[in-house]
Amino acid sequence: RDSSSRVRIRHVRIMSISAVIQPVRLVSLRATAAAALRVRSKSTRVRAVHRSATIMAAGDLTANPLASWSFGRSPPSDAPDLPKWSSITPEHVKPAIMAAVDKVNAEIDAIEAELTKTNPSSWSELMDPLERLSEELSRPWGVVSHLKGVRDSEALRAAYDECQPAVVTASLRVGQSRPVYDALVALTENKEAWASLTDAQRRAVTCEVRDAKLSGVALDGAEKERYNEIAKEMSELSTKFSNNVLDATKAFSHTCVEKSEVEGLPDSALEQAAQTASQKGGHENATAADGPWMFTLDAPSYMAVRSHSKNRTLREKVYRAYLARASEHFAPFVDDADMKTKFSKGGEGDNAPLIERILTLRAEKAKLLGYGTFADVSMAKKMATLDRAESLLEDIRAKARPAAERELEEIRSFAAEQGAEEAVTGLMQWDLGFWSERLREAKYELKEEDLRPYFQLPAVIDGMFELAGELFGIEVQACDGEVEVWHPDVRFFKVLDAATKAPRAYFYLDPYTRPSEKRGGAWMDDVVGRSSAMAPANGGGVRLPCAHMVCNGTPPVGDKPSLMTHNEVTTLFHEFGHALQHMLTTESCGPVAGINQVDWDAVELPSQFMENWCYDKKVLRKIGKHFETNEPLPDDLYEKLVASKNFGSGTRYLRQCHFAMTDLELHARYVPGTGADAVFATERAIASKTMIMPSIEEDRFLCGFGHIFAGGYSAGYYSYLWAEVLSADAFGAFEEVGLEDEAKVAECGKRFADTVLALGGGSAPLDVFTKFRGREPEVDALLRHNGLVVTAA
């Protein structure tokens with residue numbers, strides 16, 4: 001039962017440890033406490049008024065690498081203008097961020113003063129200045145937030161926590177600017193001015209007006225004051241929730257010293273466990289053959305134990321520890337005295353009280369904004385309505401449950417046939433992963449470890465880039481060493497137009513797990529976005545986008561390259577899909593370019609679309625090359641992989657329904673304040689429909705469910721399934737023209753690039769999909785791709 005399923009281990013997939021994802025960070029000019037602010041200004045109309053304000057934060061900050069970054073606007077040179085990641089230290093954070101806060105506050109004051117004298121009637125007079133203003137804080141704060149996720153330290157946490165209240169206050173100040181809101185509304189009511197805007201610009205303004213309302217712009221007096229108090233507290237609670245999960249994950253380890261204790265674990269897992277014992281456990285001479293072996297709750301280690309360890313006691317321990325993370329039940333799984341105190345009942349590491357408080361504040365926020373529930377607030381920015389989302393979930397649940405019941409019975413029968421002792425006493429939750437994997441191996445004569453030698457990261461990357469070139473007309477070049485990175489493992493790439501060789505974008509790839517400093521999961525985020533308003537000085541044109549992709553894959557061991565599971569391969573393709581939508585946008589209107597203003601329940605379309613190619617034979621022969629012989633993936637292994645694709649499909653989809661239905665129940669109908677355990681009772685009630693095997697009593701999965709309590713998926717986790725309908729139907733277009741017909745696949749790929757990837761948030765997601773597919777989405781392809789039956793539960 002991992003939430004990881006699609007956003008943490010795989011950033012957002014139907015089954016991810018994906019992180020809490022801060023998966024894709026969708027940004028609005030009027031972002032409030034939860035999202036970083038976006039507004040910076042410098043139009044000819046207001047330049048003179050606030051020039052004095054922009055001088056602020058210069059002076060001795062010129063040597064500060066965080067404060068001196070110009071957000072991609074430096075004149076063109078040999079290297080792109082990107083953050084000086086390795087040069088930035090925690091000591092740089094407070095001076096840079098507080099200077100940015102002061103600058104933004106001064107500039108919004110100046111803009112508001114100018115708006116009282118004039119009534120902007122064009123995009124350049126109003127929106128361009130706001131976009132430029134926004135970047136003054138959102139960009140440096142985004143750098144700090146990213147470093148906290150990939151290079152965490154006590155000093156960085158302290159600096160982040162110290163600055164966060166000021167950042168939230170400044171964000172609210174801009175998001176609740178009544179003069180700016182009035183100017184936006186006036187622009188929509190000015191027929192001549194409105195007609196002069198492009199469709200993308202009109203959508204940007206419309207979204208800004210909506211977001212201003214959701215930011216509390218219409219509130220006054222005590223209500224506004226209370227809204228801001230809520231926003232600040234929620235931001236702090238979100239950070240604390242994430243920190244607790246990361247601290248719990250880092251605190252757990254289990255060392256095995258006898259070979260009998262690690263029986264069944266593949267060589268790759270033993271190599272990694274020995275390396276961990278050497279690096280983290282102080283066992284310098286640890287080897288895969290003789291141990292000792294240290295296991296953690298980091299995804300590659302945790303999943304290896306659950307799927308392969310014959311040591312049932314070890315399986316039970318890691319399972320219970322994982323579900324107890326950041327809760328009062330976690331103390332027995334750590335040795336450090338301080339950690340035991342932190343994760344005991346009443347300890348500061350228990351996320352249960354935080355969950356109750358977060359839900360209470362969200363409900364209060366909804367009432368202040370005039371909505372019945374927080375779910376209604378969430379749906380205001382999504383394709384779906386609450387009714388349509390719950391209808392889709394129930395439809396999939398009804399189709400998945402019978403399949404999940406058959407799958408569980410098949411696992412039980414197989415374990416009994418193999419003479420498993422636990423089959424006599426009754427399989428427990430920590431047995432299912434192990435026996436499910438054994439059944440899959442027997443049924444399809446395929447072991448996960450048989451595939452791993454063929455999925456070496458360098459070859460997978462090369463094949464993935466080749467596919468993107470064939471589909472979308474791009475070329476990806478490695479540019480390692482041209483810019484600073486935050487860790488030696490991080491790669492840097494440039495994206496070119498294949499025909500003209502002109503640069504289109506840049507991106508970083510951070511592929512490996514680092515449990516001591518990097519949060520779990522996988523995610524993509526933007527560093528800078530495409531924008532004409534933020535075009536480099538003296539460079540003309542537009543600022544090119546840059547993204548970073550972060551995974552927690554298996555690292556290299558010794559002289560071997562990273563050898564990936566197929567699941568890790570699909571995770572990489574998934575994140576690359578997100579990055580492609582950000583990087584290949586042709587929209588130069590910054591507020592709606594790339595991932596900006598793409599409805600949350602449509603944002604997974606390109607990422608889940610890319611996953612489909614991980615089962616295509618031609619693609620697998622590109623990415624599947626043995627790390628020692630360079631031989632391509634054999635046909636027999638390919639056939640077995642495809643045949644096993646839908647193994648456990650019912651269970652996976654039922655689990656996703658459980659996460660999504662719990663999320664919506666907590667935000668639409670749950671009433672906070674009925675006791676700390678009430679939230680867990682609510683989840684158990686939903687489990688009666690969405691789980692075949694009851695959860696253990698100490699299950700505190702919600703205490704680690706960062707997607708909805710510390711990420712962007714509150715009342716939105718259903719988006720994974722909603723978007724998968726879109727992505728499956730989109731891939732169906734390629735299947736219909738014939739995957740073997742290269743010319744037609746390329747033609748279809750160009751149409752996908754020209755719509756889904758190019759238009760960004762400049763058009764409503766349904767319109768974008770219809771432009772690509774020629775019709776509205778249908779659920780048939782999703783059911784067909786996953787072998788789900790259609791009989792009702």
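The values are calculated or read from the model by the stated rules, or taken from the named source; none is laboratory data. In this text, all values refer to a predicted model and were calculated from it rather than measured experimentally. Cβ placement follows ideal geometry from the backbone for every residue including glycine, while neighbour counts extend to all protein chains displayed. When the accessible area is computed, the model is the full protein with side chains, heavy atoms only, and any ligands, DNA or RNA have been set aside. Shrake-Rupley method; radii C 1.70, N 1.55, O 1.52, S 1.80 Å.
Quick check: is even one residue across the stretch 604-626 under 23 Å from Ala733 (Cβ atoms), touching an Asp or Glu at 6+ places or on another chain (Cβ under 6 Å), among the polar types (S, T, N, Q) and not in a loop (DSSP other than H, G, I, E, B)? There is at least one residue in the stretch 604-626 that is under 23 Å from Ala733 (Cβ atoms), touching an Asp or Glu at 6+ places or on another chain (Cβ under 6 Å), among the polar types (S, T, N, Q) and not in a loop (DSSP other than H, G, I, E, B). Taken over the stretch 279-310, the criterion of being in a loop (DSSP other than H, G, I, E, B) and within 15 Å of Gly433 (Cα to Cα) is satisfied by Ser309, Lys310.
Filter the stretch 686-701 down to the residues that are in a loop (DSSP other than H, G, I, E, B) and surrounded by fewer than 22 Cβ atoms within 10 Å (Cβ to Cβ) and list them by number.
First, pick out the residues of the stretch 686-701 that are in a loop (DSSP other than H, G, I, E, B): 691-700.
Hits for the stretch 686-701 are Met691, Ile692, Met693, Pro694, Ser695, Ile696, Glu697, Glu698, Asp699.
Selection of the stretch 109-136 for residues being under 18 Å from Cys163 (Cβ atoms) and of a type outside the set (D, E, K, R) yields only Ser134. Within the stretch 274-287, restricting attention to residues that are touching a strand residue (DSSP E or B) at 6+ places or on another chain (Cβ under 8 Å) and over 28 Å from Gly704 (Cα atoms), which residue is most open to solvent (accessible area, probe 1.4 Å)? In this case the residue turns out to be His283.
Only residues that are open to solvent by 10 Å² or more (accessible area, probe 1.4 Å) and aromatic (Phe, Trp, Tyr) were counted across the stretch 501-522, and they come to 2. How about the stretch 103-125: which of its residues are touching a residue at least 60 places away in the same chain (Cβ under 8 Å), open to solvent by 20 Å² or more (accessible area, probe 1.4 Å) and hydrophobic (A, V, I, L, M, F, W, C)? Of everything in the stretch 103-125, those that are touching a residue at least 60 places away in the same chain (Cβ under 8 Å), open to solvent by 20 Å² or more (accessible area, probe 1.4 Å) and hydrophobic (A, V, I, L, M, F, W, C) turn out to be Ala113, Leu115, Trp123.
Could you tell me whether the stretch 231-254 includes any residue that is among the hydrophobic types (A, V, I, L, M, F, W, C), touching a strand residue (DSSP E or B) at 6+ places or on another chain (Cβ under 8 Å) and modelled with pLDDT of 95 or more? Full working, then the answer.
As a first pass, look at the stretch 231-254 and keep what is among the hydrophobic types (A, V, I, L, M, F, W, C): 231, 234, 237, 241, 245-246, 248, 251-252.
From what is left, the residues that are touching a strand residue (DSSP E or B) at 6+ places or on another chain (Cβ under 8 Å) are none.
Scanning the stretch 231-254, I find no residue that is among the hydrophobic types (A, V, I, L, M, F, W, C), touching a strand residue (DSSP E or B) at 6+ places or on another chain (Cβ under 8 Å) and modelled with pLDDT of 95 or more, so the answer is no.
Taking every residue in the stretch 725-748 that is farther than 17 Å from Leu467 by Cα and pairing it with any residue that is open to solvent by 20 Å² or more (accessible area, probe 1.4 Å) and of a type in the set (A, V, I, L, M, F, W, C), at least 6 positions away or on another chain, the pairs with Cβ-Cβ distances below 7 Å are Val725/Val779. When you check Cys614 against the structure, is it touching a residue at least 12 places away in the same chain (Cβ under 8 Å) and either acidic (Asp, Glu) or in contact with a Phe, Trp or Tyr (Cβ under 7 Å, 6 or more places away or on another chain) (or both), yes or no? So Cys614 passes the test.
When the stretch 629-664 is examined, which residues are found to be closer than 19 Å to Arg438 by Cα and of a type in the set (A, V, I, L, M)? Hits for the stretch 629-664 are Leu637, Leu641, Val642, Ala643.
Taking the stretch 702-713 as the range and being surrounded by fewer than 24 Cβ atoms within 10 Å (Cβ to Cβ) and modelled with pLDDT under 95 as the test, only Gly712 passes. Among the residues of the stretch 680-702, the ones that are in contact with a Lys or Arg (Cβ under 9 Å, 6 or more places away or on another chain) and closer than 23 Å to Lys345 by Cβ come to 8 in all.
Of all residues in the stretch 498-527, those that are of a type in the set (A, V, I, L, M, F, W, C), within 29 Å of Ala299 (Cα to Cα) and assigned to a strand (DSSP E or B) total 5.
Meeting the requirement of 3 or more residues that are within 27 Å of the chain's Cα centre (by Cα), buried (at least 18 other Cβ atoms within 10 Å of the Cβ) and among the hydrophobic types (A, V, I, L, M, F, W, C), the helices (runs of 4 or more DSSP H) wholly within the stretch 162-273 are 199-214, 221-251. Looking only at residues of the stretch 627-666 that are part of a helix (DSSP H, G or I) and free of Cβ contacts under 8 Å to residues at least 24 places away in the same chain, we find that the one that is farthest from Ala685 (Cα to Cα) is Asp635.
Would you pick out the residues in the stretch 453-482 that are among the hydrophobic types (A, V, I, L, M, F, W, C), crowded, with 20+ Cβ neighbours inside 10 Å and not in a helix (DSSP H, G or I)? Scanning the stretch 453-482 gives Phe455, Ile474, Val476.
Kindly indicate whether Val495 is more than 29 Å from Thr249 (Cβ to Cβ), among the β-branched types (Val, Ile, Thr) and in a strand (DSSP E or B). Taking the combined requirement at face value, the residue satisfies it.
Kindly indicate which of Lys399, Lys381 is open to solvent by 20 Å² or more (accessible area, probe 1.4 Å), over 25 Å from the mean Cα position of the chain (by Cα) and basic (Lys, Arg).
It is Lys399.
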